[in-house]
Every structure is written in C-alpha cells, then in structure tokens.
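Read-outs throughout are calculated quantities, based only on the coordinates presented, and are distinct from any laboratory measurement. Given the structure is predicted, the values throughout are model-derived calculations rather than measurements. A quick note on method: Cβ atoms are made from the backbone with ideal geometry, for glycine too, and the neighbour counts reach across all protein chains shown.
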Amino acid sequence: MSAPFRTSSDGIFLYHQRLSPYKWLRHGFSLRKDQNGVELSYGLNEYQAAETVLKNRQRLVRSVSGRELPLATLRQMHSDCVFRASPALLNDPPQGDGWVSVEPHLLVAVQTADCLPVLLVDPPKRVVAAVHAGWRGALMRIVRKAVHQMQTDFGSEPVDCLAVVGPAIGRCCYEVGDELVDAFSREFQSADAFLFKALGSKATRSHSRCIDLAEVCRAQLLEAGLTPENILTGGPCTACDRDRFFSHRAGAGEAGRMMAVIGIVD
C-alpha cells in the first residue's frame with residue numbers, strides 16, 4: 001500500500017495522513033534539512049556537535065507537538081528490546097530499540113539513517129509505539145514483539161492497530177551478502193517475498209541479492225494480527241534521496257541521524 005506522506009508546514013518532518021484524524025496523537029519522521037537548507041541531525045554522534053543536536057531535537061518536538069514536551073530516547077544497539085516508556089527513564093535512556101507508551105504529554109523516539117522507523121498506534125486504547133528495525137532487529141522480529149507488548153501491557157487488539165513504516169533504505173539499494181540471505185531464509189518461510197536479485201549499477205557483484213526490509217516488517221505485522229489495510233509502507237528510500245534523508249550506506253558511514261517520534265498530547 002502506498003504511503004501518502006506529507007511535509008510539515010515548516011519543512012522539517014513528514015507525517016502520514018492516515019494518522020492525522022487522531023487529534024490526541026502527534027507523530028513525525030524528520031527530514032535531513034529545513035526549508036533554508038540547514039542540516040538537522042538528531043543523533044549524538046560526530047556528525048554535528050552535541051549542543052546543536054539537542055537544539056535540533058527541541059525544535060523537532062515543538063514542530064511535531066506544538067509545545068514543549070519531554071522526549072524519550074534510547075541507546076540503540078540493533079536489538080529486540082522494547083521498553084514501556086515512563087518519565088523515570090528520561091534521564092538515563094535504556095539500551096534497546098523500541099518504545100511502547102500510554103504516557104500523556106511525552107514523545108517517544110527512535111533514530112535511523114537507513115534502518116526502518118516504525119510507528120504503531122492503537123486508537124481505541126490510545127497506545128503508541130516507536131521501533132527501530134535494522135536487519136538484526138528485523139531478523140529478531142522486534143516489530144512483532146512491540147505489538148505483543150502493546151497487547152500484554154495495555155490490552156491492545158492487533159486488528160485495531162495501525163503501523164506506519166517511515167523512510168528507510170529500499171530494496172533498490174539494500175544489497176546484502178549470502179550470510180544474510182541464508183539467515184532470513186531460515187527464519188522466514190516467506191523470505192522469497194522480500195529477497196530480490198540486485199540489478200544494474202547498484203549490484204557490486206554477480207548473483208548478489210537485495211532485501212526489502214519494509215516487506216520483512218509487513219510480514220511480522222501480519223503475523224502479529226494487523227490487517228493488511230492498516231500496514232502503511234511505501235516510504236521513500238533514504239539511499240536514493242540523500243538530499244532529503246541521511247543514509248549510512250550511501251554516505252559510507254558518515255551520516256547524521258533522522259528521528260521518528262510519536263506521542264499522546266491530549
């Protein structure tokens with residue numbers, strides 16, 4: 001299903017129209033630059049100074065939520081660890097790659113620069129989640145585990161949930177080695193649906209394969225019980241569009257970080 005993303009009025013993040021009707025909800029997928037061409041990285045790495053990054057984060061929070069709100073971040077490590085958000089975790093971010101939250105007036109966030117940012121919403125129960133899924137997390141089914149935590153902690157019904165998969169490296173650019181092809185083929189019976197022959201100039205060797213991480217995510221969400229029409233993929237490829245997005249692979253490891261945020265504001 002195509003994803004009708006729209007750009008915020010100030011030009012610093014994308015949002016999905018399917019989530020716009022929920023007035024108690026705010027969400028966004030940050031862009032690389034603002035309308036003036038100023039780069040906005042949200043990761044505390046060497047790409048931008050820490051002081052600048054923290055100001056960028058404050059700006060994103062204000063833009064997405066319309067107010068000053070706390071921002072819950074993670075020390076990401078390509079895992080399958082998902083945490084229940086609480087104000088107590090703000091000053092000492094846990095090591096993991098996903099949040100589940102019912103906390104009002106709090107945005108939860110994950111950082112990406114090719115990996116999948118996945119935002120989940122249970123409208124009836126007002127539960128949200130943010131997940132960072134690279135190939136390791138996808139292989140460990142982190143997205144499915146986030147849905148399961150929404151169920152066990154807050155009683156979410158998967159058929160009520162929506163999932164938005166944001167900008168990430170596409171199958172057009174994500175060439176992988178035989179070891180990953182074998183690993184995904186062993187783990188997923190439907191692996192043929194998201195493994196493809198690398199074509200054209202983007203293939204660095206003969207018979208190489210590319211993986212579609214968004215389709216891996218879709219398979220997990222279907223396993224978890226979400227309905228196909230509530231799984232919103234089709235986001236832009238970060239490696240193809242480096243003017244709008246940071247890409248770790250296309251940038252040969254020299255990249256800032258985007259941020260996907262979601263939270264309950266009303």
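To the nearest 0.05, how large is the calculated FRET efficiency for Q58 and R244 if R₀ is 22 Å and r is the Cβ-Cβ distance? Approximately 0.55, to the nearest 0.05.
Inter-label distance, D92 to V181: 4.6 nm, where each label sits 7 Å from its Cα along the C-beta direction.
Close amide H partners of Q76, meaning residues 5 or more places away or on another chain with modelled amide H under 5 Å apart, are G96.
Think of the chain as having a plus end and a minus end, set by charges on the Cβ of Lys, Arg, Asp and Glu; of A255, V181, A219, A255 sits farthest toward the positive end of this dipole. When you filter the trypsin sites (Lys or Arg not before Pro) in segment 135-235 for DSSP loop state and at most 12 other Cβ atoms inside 10 Å of their Cβ, you are left with R205. Can you compute the label reach from S208? Point 7 Å from Cα along the Cβ direction, backbone N cut-off under 15 Å, restricted to segment 134-173. Under 15 Å, as judged by backbone N against the label point of S208, lie 170-173 of segment 134-173. With a cut-off of 17 Å on the backbone N, the residues of segment 130-156 near the modelled label site 7 Å out from T227 along Cα-Cβ are 156. On full extension, the segment bounded by F154 and H105 gains 15.9 nm, given 0.36 nm per residue less the C-alpha separation.
Computed from backbone phi, the HN-Hα couplings of segment 94-100 come to x, 8, x, 9, x, 10, 10 Hz, rounded to whole numbers (Karplus: 6.51 cos²θ - 1.76 cosθ + 1.60, θ = phi - 60°; Gly and Pro given as x).
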